[in-house]
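Below is one structure, written out as structure tokens; comments come after it.
The values are calculated or read from the model by the stated rules, or taken from the named source; none is laboratory data. From a predicted model like this one, the values you see are computed outputs, not experimental measurements. Cβ placement follows ideal geometry from the backbone for every residue including glycine, while neighbour counts extend to all protein chains displayed. All accessible areas refer to the heavy atoms of the entire protein, side chains included, with ligands and DNA or RNA removed. Shrake-Rupley method; radii C 1.70, N 1.55, O 1.52, S 1.80 Å.
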Number of protein chains: 2
Amino acid sequence: MEQLLSQRISNARPSFIREVLKVADNPGIISFAGGLPNPTLFPVAALKQASAAILDEEGEAALQYTATEGHGGLRRWIAERYRATQNLDIDPGQILITNGSQQALDLIGKVLLDAGDGVVIEQPGYLGAIQALTLYQPQFLPVALDDDGIDCEGLRHALDNGRPKLLYTVPNFQNPSGISYSERRRREVAALLAGRKVLLIEDNPYGELRFGGAVPTSFHALLPQQTLLLGSFSKIVAPSLRLGWIVAPHWLLQKLIIAKQAADLHTNGFSQRLLHRYLRDNDIDRHIAAITEVYGRQKAAMEQAIAHYLPAGVRITAPQGGMFLWAELPPQVSALRLFEAALENGVAFVPGHPFYVDRDDSNTLRLNYTNADTATIDDGIRRLGAALKTLMS
Amino acid sequence: MEQLLSQRISNARPSFIREVLKVADNPGIISFAGGLPNPTLFPVAALKQASAAILDEEGEAALQYTATEGHGGLRRWIAERYRATQNLDIDPGQILITNGSQQALDLIGKVLLDAGDGVVIEQPGYLGAIQALTLYQPQFLPVALDDDGIDCEGLRHALDNGRPKLLYTVPNFQNPSGISYSERRRREVAALLAGRKVLLIEDNPYGELRFGGAVPTSFHALLPQQTLLLGSFSKIVAPSLRLGWIVAPHWLLQKLIIAKQAADLHTNGFSQRLLHRYLRDNDIDRHIAAITEVYGRQKAAMEQAIAHYLPAGVRITAPQGGMFLWAELPPQVSALRLFEAALENGVAFVPGHPFYVDRDDSNTLRLNYTNADTATIDDGIRRLGAALKTLMS
């Protein structure tokens, strides 16, 4: 019966990271492979209170079918937070609540992409976006990333020659690299896009996880009519609730709502009310400060361990927030071979090649520091260093 | 910028029912238009207990990212219930938990349909399926429904000439008609499909809402390798939790998992554990009996009111369960014109034409009886009868 499968799924490869995570889950393995928040920081008790309050006070409404757009209070909360933290002028009516921001990517692909349409993607780029958009059979136009953001010469070339509909970017603490776009690069990218028939997806799941430095200018402020701004509560409250959102111009939001209704009618209404109650009754800034304090400490521990245990030829990014470090090995070293050697030494990471749309191996890798304590981080990087030295000797 | 939209969304019409429901929501209108469960029956207190228990005992795991396939305990519970209630032999590994069974339809479309592929659909048929699958640009092959199920001559013709990949059916208490397939018709349909390269979608959200009669044979028992069996907790526990599932052969489930991961990573994990705890700690059969007792009473009230207030030329289906009655007006009466007249009289329903893939009006309409008490039902049908008499005079 396999010949019944659609072309789009026949072309999709099983997720390499899924296989990595299965292996990394074995007991005895220290894993820097996942992208998991630290669960000890989840606001379990506050969510328990919020859940009881919602079911006591509005149980019937919280359990009934609800609006495709999402819970009105939650949409207003998001709009108000954009105003308070970034002075962005966003109407709650421009916000669609999605089943995590991964669903925003799927809906964007559904509403905008025909087979063969061009999509500019950072190289390396977020794997989840590659997976979601791949099913709409676009032509990916990879453009290199440097420490300040996407390469503007490469971007200009892709815009002029590939005539893309979309540019996908994670401008703050990018997954996988950890880099953030400089202010100057943001303005250069916006100037390149302005007036063209192209939309920019500003995916910002990590922006609130900032250890230092000033909050940069959102692409939404620079290009309000051409930007689709994506956000998520997964990293600042809890990922299992699958609550993200998309901010879009009204003409596009109407279409996204039609696609959302066809996809799953609406996002979990009980969880939307639960989250809204939690946000109303608790100090989210204090909670985020508690998270960034821990993550900043864990990142520093990983940087120290890397300086101590890894050879000098390994280059590491220096993010000021987020969840990941990105390592570049000496050119001749295969990250896939290092992965095998590291597993034998009891440590896992994600080899870099799945973050490129056109590679089978690379000399790069992603390290997550949010889901292990500092002693475990030191032990894991020590194991990684030993594996790398064996491989390079 | 509208020229950036994909072909698939440019062809999608805004939902007529969405507009109907907005109008029907006005104060003073008695609405039989929606498909809402009666919220007074939601197990609010038991869910509050289950939520507290989950967050106390497994809070960190319940709030973390989880498996794309779904929660293991919930998948086993579903498999065991199929065994207990229908003697179906289903491996939990064949089950994917979805964000409501609407998402199952979207994932099936994504994994199986290329533009132009044939899909047999009941006429009238479930609007949500039409909406979800329309975005994959199939060729719909409508086949008439009678009181025993889909018309087998029409089906044979569609199979021979349209070479469809899929047949979509709601065999129990169909939405919108309320009809159920007879045992004989099920076997005739299965015999027609057996051995062909076609899959049957058995969508069964209402099967447990049975007021009388024996549980019929599932298509999954008749055609296990060709059936995709869809289920939902929306009608027996609570719709806002968005918890449904799909049972598929292993070769197909692997592809559905890839599509699910791309679509939203996984279904809300907190809600899955919450529901599983609720099912473990409560008697779901007793809860379902309480629901069907109320719905059966409400259905009888609507049938009595129809006999009393509507003219004899109106034909009504006689379902033994589910949530809907389907009315056929005299041939010359437009349901759209009746809708306008009824609204003026303070009562709403859904005109029948959106349930057909090729009509702009019809002499049919859908009436929901689950979300109004018996006195309101009597009042609403009285108003409908007055509107109809005015229109027909």
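Some notes on this structure:
- Pairs are defined by a Cβ separation below 7 Å, a sequence spacing of at least 6 or placement on different chains, a first member in the stretch A:50-63 that is not assigned by TED's automatic domain parsing to the domain that holds A:Ala238, and a second member that is of a type in the set (Asp, Glu) and at pLDDT 95 or above; the pairs so defined are A:Ala50/A:Asp281.
- Pick from the stretch B:347-375, criterion aliphatic (A, V, I, L, M) and in a loop (DSSP other than H, G, I, E, B), ranking: least open to solvent (accessible area, probe 1.4 Å): B:Ala372
- Flag if B:Ala129 is aliphatic (A, V, I, L, M), surrounded by 24 or more Cβ atoms within 10 Å (Cβ to Cβ), more than 17 Å from B:Gln254 (Cβ to Cβ) and assigned by TED's automatic domain parsing to the domain that holds B:Gln272: yes
- Only one of B:Ala348, B:Ala375 that is among the aliphatic types (A, V, I, L, M) and either touching a Gly at 6+ places or on another chain (Cβ under 9 Å) or farther than 21 Å from B:Ala307 by Cβ (or both): B:Ala348
- Selection within the stretch A:132-144 - under 22 Å from A:Arg315 (Cβ atoms) and surrounded by 22 or more Cβ atoms within 10 Å (Cβ to Cβ): A:Val143
- Scanning the stretch A:53-69 for residues that are over 31 Å from the mean Cα position of the chain (by Cα) and surrounded by fewer than 20 Cβ atoms within 10 Å (Cβ to Cβ) returns A:Ala53, A:Asp56, A:Glu57, A:Glu58, A:Glu60, A:Ala61.
- In the stretch B:266-289, residue nearest to the other protein chains (Cβ to nearest Cβ) [restricted to those that are open to solvent by 40 Å² or more (accessible area, probe 1.4 Å) and outside any helix (DSSP H, G or I)]: B:Asn282
- Taking the criterion of being at pLDDT 90 or above, facing another protein chain (nearest Cβ under 9 Å), part of a loop (DSSP other than H, G, I, E, B) and more than 21 Å from the chain's Cα centre (by Cα), the residues of the stretch A:1-42 that qualify are A:Leu5, A:Ser6.
- Qualifying residue in the stretch A:104-124 (condition: farther than 24 Å from A:His353 by Cα, of a type in the set (Asp, Glu) and free of Cβ contacts under 8 Å to residues at least 40 places away in the same chain): yes
- Restricting attention to the stretch B:256-265 and to residues that are under 21 Å from A:Thr68 (Cβ atoms) and of a type outside the set (A, V, I, L, M), the residue that is farthest from the other protein chains (Cβ to nearest Cβ) turns out to be B:Lys260.
- Selection from the stretch B:11-51 of residues that are β-branched (Val, Ile, Thr) and touching a Pro at 6+ places or on another chain (Cβ under 8 Å): B:Ile17, B:Val20
- Pairs, first in contact (Cβ under 8 Å) with a residue 40 or more places away in the chain and more than 14 Å from B:Thr217 (Cβ to Cβ) in the stretch B:79-91, second outside any loop (DSSP other than H, G, I, E, B) and among the charged types (D, E, K, R), C-beta under 8 Å, six or more apart: B:Ile90/B:Arg83
- Summed over the stretch B:235-255, the residues that are assigned to a helix (DSSP H, G or I) and within 9 Å of chain A (Cβ to nearest Cβ) give a count of 7.
- Qualifying residue in the stretch A:128-145 (condition: within 21 Å of the chain's Cα centre (by Cα), free of Cβ contacts under 8 Å to residues at least 40 places away in the same chain and part of a loop (DSSP other than H, G, I, E, B)): yes
- Leading residue by the ranking (surrounded by the most Cβ atoms within 10 Å (Cβ to Cβ)) among those in the stretch A:336-346 that are among the small types (Gly, Ala, Ser) and under 13 Å from A:Phe32 (Cβ atoms): A:Ala342
- Residue within the stretch B:77-95 that is touching a helix residue (DSSP H, G or I) at 6+ places or on another chain (Cβ under 9 Å) and closer than 22 Å to A:Lys260 by Cα present: no
- Of the residues making up the stretch B:171-197, those that are open to solvent by less than 30 Å² (accessible area, probe 1.4 Å), in a loop (DSSP other than H, G, I, E, B) and without any contact (Cβ under 8 Å) to a residue 60 or more places away in the chain are B:Pro171, B:Tyr181.
- Residue count for the stretch B:78-101, restricted to those that are assigned to a helix (DSSP H, G or I), open to solvent by less than 10 Å² (accessible area, probe 1.4 Å) and either of a type in the set (Gly, Ala, Ser) or facing chain A (nearest Cβ under 8 Å) (or both): 2
- Residues located in the stretch B:146-170, provided they are assigned to a helix (DSSP H, G or I) and within 30 Å of B:Phe211 (Cβ to Cβ): B:Cys152, B:Gly154, B:Leu155
- Residue tally, condition in contact with a His (Cβ under 9 Å, 6 or more places away or on another chain) and free of Cβ contacts under 8 Å to residues at least 60 places away in the same chain, over the stretch A:338-393: 4
- Verdict on A:Val111 being open to solvent by less than 30 Å² (accessible area, probe 1.4 Å) and either within 19 Å of A:Ser15 (Cβ to Cβ) or away from chain B (no Cβ under 11 Å) (or both): no
- In the stretch B:299-318, the residues that are free of Cβ contacts under 8 Å to residues at least 40 places away in the same chain, touching a strand residue (DSSP E or B) at 6+ places or on another chain (Cβ under 9 Å) and surrounded by 14 or more Cβ atoms within 10 Å (Cβ to Cβ): B:Glu303, B:Ile316
- For the residues A:Phe219, A:Phe211, the requirement of being touching a Phe, Trp or Tyr at 6+ places or on another chain (Cβ under 9 Å) and open to solvent by 10 Å² or more (accessible area, probe 1.4 Å) singles out A:Phe211.
- So A:Ala327, is it open to solvent by less than 20 Å² (accessible area, probe 1.4 Å), outside any helix (DSSP H, G or I) and modelled with pLDDT of 95 or more: yes
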